[in-house]
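Heads up: the structure comes next, in structure tokens.
The values are calculated or read from the model by the stated rules, or taken from the named source; none is laboratory data. The structure displayed is predicted, hence computed values, not measured ones. Cβ sites come from the backbone with ideal geometry, for glycine too, and all protein chains shown count toward neighbours. Surface accessibility is based on the protein's heavy atoms, side chains included, excluding ligands, DNA and RNA. Shrake-Rupley method; radii C 1.70, N 1.55, O 1.52, S 1.80 Å.
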Amino acid sequence: MSTIIAEVLMVVIVIIMSTIIFVWVVPTFTSNTGQDNAGAGYSEKFETIQGQFATFVQSIPETVRNSPPPSTPYQTCTLSSPVILATSANIFVPSNNVCVITASVGNVFVSSGANLTVIGSTINGDLNANYSSSVTLRSANVAGFTGLYNVSVVSITGGSLNTSGNGAAMYGGGRGSFIMTGTTVTGQVENEVGHQTFLIGNRISGNLEVESADQGQIINNTVASLDLDQNGVIVISGNTVNSYVVYGTNGWCATGNNRVSGSISGNCAGNTEVDVMNTGSIPVKLVAIYLSNTPLAGSLSWQLASGHQAQCGTAQSSTCTQLPIMIPVGDMARITMGWTPPPGAFALPWNYIYFIFVSSHSNFVDGYLYFSIGLGLPMQSRLENRICPPCY
């Protein structure tokens, strides 16, 4: 009998303990999980539809100057007869030939279709190239004027130009690629009608003028003054300007982190546009935007593609200029953002902007806006742990 009573008591104890656990633990567990928004996070879906970054922006054409004739008499330089010994003679590079100069020379003239490379030597006069294929200067010095007329590819690294300091130091014109880095220039630099014009980390005692470039990048230079006009897409960042800056008529212009001692005239605004569609079953609330892995620093404007009033803060508006971006189910937000170049130089060639949109449920969508085609690839939002920045 005692055994039976003991077993009954054990059953009663188990029932009582189970009741206590159900009464206390289950409501607590239910309360905690009721605050979990994982379900909403998975119900929320949005994707990029299209975007533009300076798409189809073109520079305004301008006439390129004419090249002067070669200086005579001259010494011919070809692939089979490079200049390796110092000479005071003028150097002439015939059409469609290759010339390498590694010693001091007089004036240099490069004909159409020809390639010139000057390494660690001095041109004790003028350098002129006319419809040439390429001109490459590596740690070279040009004492006179440098004229590059319709040259397909120009690469200048280190060295110095116009050390005599007589006014204008260099002119470059034509729909080619122009890259000048780490070079000291005494005088003015004028570059016009370039396809890609990149000036990085140079010291220019005179005015730097860049006009009619399809795509320009002026980064970390020290110049006397800066004059920009009629360019297609141009970025100006990290420069020290000891006098004035003039922003003329540019198709797409972005600037930041510059130190300007004088006046600034004109406007420089580089807007990017992305359309984001709500494809989920709940409204989307975008709470953060990153451009080039940094929080949005420029202007913001957005509206709904449906034309309906958007929830803008506590009010309703057709166009909103603040976060968050509220996208109803089945609707699309057309988002316009002002881009500010981040500190430091860009990897060349610079031709895209990376963006990220983050929602209140920690979903995100990212992508690339390319200069030539706009949005590289439409992307669907993903739920993932990310720390922004750096947002890699």
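Below are the figures for this structure:
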read-out: Checking Ser243 against (1) surrounded by fewer than 22 Cβ atoms within 10 Å (Cβ to Cβ); (2) closer than 15 Å to Ser59 by Cβ; (3) among the polar types (S, T, N, Q), the condition it does not meet; value: (2)
read-out: Failed item, numbered, when Thr294 is tested on (1) modelled with pLDDT under 90; (2) loosely packed, with under 13 Cβ neighbours inside 10 Å; value: (2)
read-out: Which listed residue is over 22 Å from Gly187 (Cα atoms), under 20 Å from the mean Cα position of the chain (by Cα), at pLDDT below 90 and open to solvent by less than 30 Å² (accessible area, probe 1.4 Å), from Gly256, Gly251; value: Gly256
read-out: Test: residue in region 170-181 that is in contact with a strand residue (DSSP E or B) (Cβ under 9 Å, 6 or more places away or on another chain), of a type in the set (Val, Ile, Thr) and open to solvent by less than 20 Å² (accessible area, probe 1.4 Å); value: no
read-out: Any chance Ile204 is open to solvent by less than 10 Å² (accessible area, probe 1.4 Å), within 21 Å of the chain's Cα centre (by Cα), more than 16 Å from Ser265 (Cα to Cα) and among the β-branched types (Val, Ile, Thr); value: no
read-out: Selection count, region 219-237, where residues are farther than 19 Å from Thr272 by Cα and either open to solvent by 10 Å² or more (accessible area, probe 1.4 Å) or in contact with a Ser or Thr (Cβ under 8 Å, 6 or more places away or on another chain) (or both); value: 10
read-out: Residue that is modelled with the lowest pLDDT [pool: residues in region 323-350 that are of a type in the set (Gly, Ala, Ser) and open to solvent by 30 Å² or more (accessible area, probe 1.4 Å)]; value: Ala345
read-out: Residues of region 219-256 satisfying the condition of being closer than 21 Å to Tyr352 by Cβ and outside any strand (DSSP E or B); value: Asn220, Asn231, Gly232, Gly238, Asn250, Gly251
read-out: Failed item in (1) in a loop (DSSP other than H, G, I, E, B); (2) surrounded by 24 or more Cβ atoms within 10 Å (Cβ to Cβ), with Gly216 passing the rest; value: (1)
read-out: Test: residue in region 81-92 that is β-branched (Val, Ile, Thr), open to solvent by 20 Å² or more (accessible area, probe 1.4 Å) and within 24 Å of Thr184 (Cα to Cα); value: no
read-out: Positions within region 352-392 being open to solvent by 70 Å² or more (accessible area, probe 1.4 Å), at pLDDT below 80 and charged (D, E, K, R), in sequence order; value: Glu384
read-out: Those strands (runs of 3 or more DSSP E) lying entirely in region 77-178 with at least 2 residues in contact (Cβ under 8 Å) with a residue 60 or more places away in the chain; value: 127-130, 146-149, 168-173
read-out: Per-region count, region 112-123, residues buried (at least 20 other Cβ atoms within 10 Å of the Cβ) and either at pLDDT below 95 or among the small types (Gly, Ala, Ser) (or both); value: 2
read-out: Of all residues making up region 268-291, the number that are closer than 17 Å to Thr336 by Cβ and either open to solvent by 60 Å² or more (accessible area, probe 1.4 Å) or assigned to a loop (DSSP other than H, G, I, E, B) (or both); value: 5
